[in-house]
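Peer 1: Right, I'll just put the structure down here and ask away after.
Taken together, the values in this text are just the output of simple stated rules run on the coordinates, not laboratory data. Please read all numbers here as calculations on a predicted model, not as lab measurements. No Cβ is skipped: glycine too gets one built from the backbone with ideal geometry, and neighbour counts run over all protein chains shown.
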Amino acid sequence: MCYDVIILGGGPAGLSAAIYARRACRKTLVLEEKPLCGGQVLDSHEVDNYPGVPGVSGFELGERLKAHAEKLGAEFVSAQAAKAVLGGAVKEVEAGGKRYEGRSLILATGARRRELGVPGEKELRGMGVSYCAVCDGAFFRGKDVAVIGGGDSALEDALFLARGCRKVYLVHRRAEFRGAKILQEKVENTENIELVRNRQAASIGGEGGRVSCLELRAGSGSERLDVEGVFIAVGAEPNTDLFKGQVKLDQAGYIAAGEDTKTSVEGVFAAGDVRTKQLRQVVTAAADGANAAASAERYLAREDA
């Protein structure tokens, strides 16, 4: 069996692509390695910035998107892709010991946040531990939080959170920050941001299932910050290992594709966090998915002509 569209990834980008591909009456398969769909949004206890559904849980949003695609007739297989051949008129994907063929391929494999690897991080993820200040910052208005990192993302997150939080501790393991000088100046001049230099996170503590403190190492000593949120901003990595050498990537390893989601390979499209873009949010991922399905439909229509 050869599908019209194979979608790798069951996050908001992949599910949105599935919805639009089925609305175009294209035979569509979604391959998602995890048993639940939703991607990184599953880590969010509450999503408050997706239009029309304020306060929805990440789990519920993922389930709603999948149910919509299933209702329209998209097929789903829960299996991790082990190999992908992007070239040629027919694309091939090996997953779960089976081979799947498609006339077009949408890469929506997302990105993974770099983790600190400290005790309490995984246990309190989504319950005060966050990797996205823009996504979750609104839940911490009037509270004390910590941002961990030393680059542009960490500095920007601290400035963003300072608008609503009572106090923001910006924790960096070195004496000097790596971020842009103009951002450093803004941080230093923001009254409710406190710079905590030469400190490393040792563990994240919690009470009642939520974050209550951040333990730091300072040389041979230690100290504690009483915070209700810990924002980890130490970078992200795109899930593009399967595609290296087959499709053009940017310097950071993301798939080079514009708003039309077209990649350097004919019939292959990239949507969501895996592609080069300015903002990585649920709403932009969903928009990417719609664009990818539309571009795939135009490609298939030309092939059918």
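Peer 1: Could you work out how far helix 58-71 tilts from the main Cα principal axis of the chain, as a 0 to 90 degree angle to the nearest 10?
Peer 2: The angle comes out near 10 degrees.
Peer 1: Also, quick follow-up: Name the long-range amide H neighbours of Ala146: under 5 Å, sequence gap of 5 or more, or other chain; modelled H, no Pro or chain starts.
Peer 2: Counting only residues 5 or more places away or on other chains, the set is Tyr169, Gly229, Val230, Phe231.
Peer 1: Now for a separate question. Within the chain, what percent of beta bridges assigned by DSSP are antiparallel, to the nearest 5? Display every interim value, and only then the final one.
Peer 2: Numbers: 27 of 61 bridges.
Percentage antiparallel, nearest 5: 45.
Peer 1: Cut-off under 15 Å on the C-alpha distance; same-chain residues fewer than 8 positions from Lys71 excluded. Which aspartates and glutamates are left, in chain and number order?
Peer 2: Glu63
Peer 1: Val47's amide H: which non-local residues (gap 5+, or another chain) put their own amide H closer than 5 Å, with H modeled 1.01 Å from N in plane and none for Pro or chain starts?
Peer 2: Gly55, Val56, Ser57, Gly58
Peer 1: In addition: Go ahead and collect, in residue order, the members of region 46-79 whose backbone nitrogen is under 14 Å from a label point 7 Å along the Cα-Cβ direction of Lys143.
Peer 2: 46-48, by backbone N distance to the label point.
Peer 1: While we're looking at this one, here's another question. GluC sites (Glu not before Pro), restricted to region 153-246: which are DSSP loop and have at most 11 other Cβ atoms within 10 Å? Working shown, then result.
Peer 2: Numbers: sites: Glu156, Glu176, Glu185, Glu188, Glu191, Glu194, Glu207, Glu215, Glu223, Glu228; in loops: Glu176, Glu191, Glu228.
Those that pass, being in a loop and sparsely packed, are Glu176, Glu191.
Peer 1: I've got another one for you. Could you run the Karplus curve 6.51 cos²θ - 1.76 cosθ + 1.60 with θ = phi - 60° over region 127-144 and give me ³J(HN,Hα) per residue in whole Hz, x for Gly and Pro?
Peer 2: Per residue, the Karplus-derived 3J(HN,Hα) values read 10, x, 8, 9, 10, 8, 5, 5, 5, 10, x, 4, 6, 10, 4, x, 10, 9 Hz.
Peer 1: Check cross-link reach from Lys98 to the aspartates and glutamates: straight Cα distance under 16 Å, and skip same-chain residues fewer than eight apart.
Peer 2: Hits, sequence-local ones excluded: Glu32, Glu33, Glu75.
Peer 1: From the helices alone, meaning DSSP H stretches of at least four residues, give me the mean residue ellipticity at 222 nm for the chain, per-run term -39500 (n - 2.57), in deg cm²/dmol to the nearest 500. Each step should come with its number before you reach the end.
Peer 2: Working: 6 runs with 72 residues, N = 305.
After summing the helix terms and dividing by residue count, I get -7500 deg cm²/dmol.
Peer 1: Sort 77-83, 14-20, 287-293, 29-35 for me by packing, meaning the mean count of neighbouring Cβ atoms within 10 Å per residue, highest on top. Mind showing how you got there, number by number?
Peer 2: On the way: 77-83: 14.3, 14-20: 29.4, 287-293: 25.7, 29-35: 19.4.
By packing density, highest mean first, the sequence is 14-20, 287-293, 29-35, 77-83.
Peer 1: Select from Gly97, Gln80, Ile204 the residue farthest towards the positive end of the dipole of the chain; place +1 on Cβ of Lys and Arg, -1 on Cβ of Asp and Glu, and compute about the Cα centre.
Peer 2: Gly97
Peer 1: Which ³J(HN,Hα) values in Hz, rounded to whole numbers, follow from the phi angles of region 241-250 under the Karplus curve 6.51 cos²θ - 1.76 cosθ + 1.60, where θ = phi - 60° and Gly and Pro get x?
Peer 2: Karplus-based 3J(HN,Hα) across region 241-250 equals 4, 5, 10, 4, x, 10, 9, 5, 10, 7 Hz.
Peer 1: Also, I was wondering about something else. Mind checking the angle between helix 152-162 and the chain's longest principal axis? C-alpha axes, 0 to 90 degrees, to the nearest 10.
Peer 2: Helix 152-162 sits roughly 60 degrees off the main axis of the chain.
Peer 1: For region 28-74 and region 187-244, what is the separation of their C-alpha centers, rounded to whole Å?
Peer 2: Using only Cα atoms to place each centre, the spacing works out to 28 Å.
Peer 1: Measure nothing but the geometry: give the 0 to 90° angle between the long axis through the Cα atoms of 12-23 and the longest principal axis through the Cα atoms of the chain, rounded to 10°.
Peer 2: 20 degrees
Peer 1: Could you line up Ser220, Ser264 from fewest to most neighbouring Cβ atoms inside 10 Å? Walk me through the numbers on the way to the answer.
Peer 2: On the way: Ser220 5, Ser264 14.
Final ranking by Cβ density, sparse to dense: Ser220, Ser264.
Peer 1: Just want the ordering: Leu61, Leu195, from fewest to most Cβ atoms lying within 10 Å of their own Cβ. Don't skip to the answer; put the middle values down first.
Peer 2: Details: Leu61 22, Leu195 15.
Taking fewest neighbouring Cβ atoms as first place, the list is Leu195, Leu61.
Peer 1: Which peptide among 267-273, 144-150 comes first, and what is the full order, when sorted by highest mean count of other Cβ atoms within 10 Å? Don't skip to the answer; put the middle values down first.
Peer 2: Numbers: 267-273: 30.1, 144-150: 25.3.
In descending order of packing, they fall as 267-273, 144-150.
Peer 1: While we're on this one: Give me the lysines in straight-line cross-link reach of Lys167: C-alpha distance below 19 Å, same-chain residues under 8 apart excluded.
Peer 2: By straight Cα distance, Lys167 reaches Lys143, Lys186.
Peer 1: Right, another one. With 10 angstrom as the radius, rank Lys143, Lys66 by how many other C-beta atoms surround their C-beta, starting from the fewest. Show your work: numbers first, answer last.
Peer 2: Details: Lys143 16, Lys66 22.
With the fewest neighbours first, Lys143, Lys66 line up as Lys143, Lys66.
Peer 1: Shifting gears a bit: Which Cys in the chain stand alone, with every other cysteine's Cβ at 4.7 Å or more from theirs?
Peer 2: Singleton cysteines: Cys2, Cys25, Cys37, Cys165, Cys213.
Peer 1: Defining a contact as two alpha carbons under 8 Å apart and six or more residues distant in sequence, what relative contact order in percent does the chain show? Provide the component values of the computation, followed by the final result.
Peer 2: Details: 724 pairs, mean separation 65.3, N = 305.
It comes to 21 percent, rounded to a whole number.
Peer 1: Which one of Phe139, Val274, Ile255 is farthest out on the positive end of the charge dipole of the chain, using unit charges on Cβ (Lys, Arg +1; Asp, Glu -1) and the Cα centre as origin?
Peer 2: Final value for the positive-end residue is Ile255.
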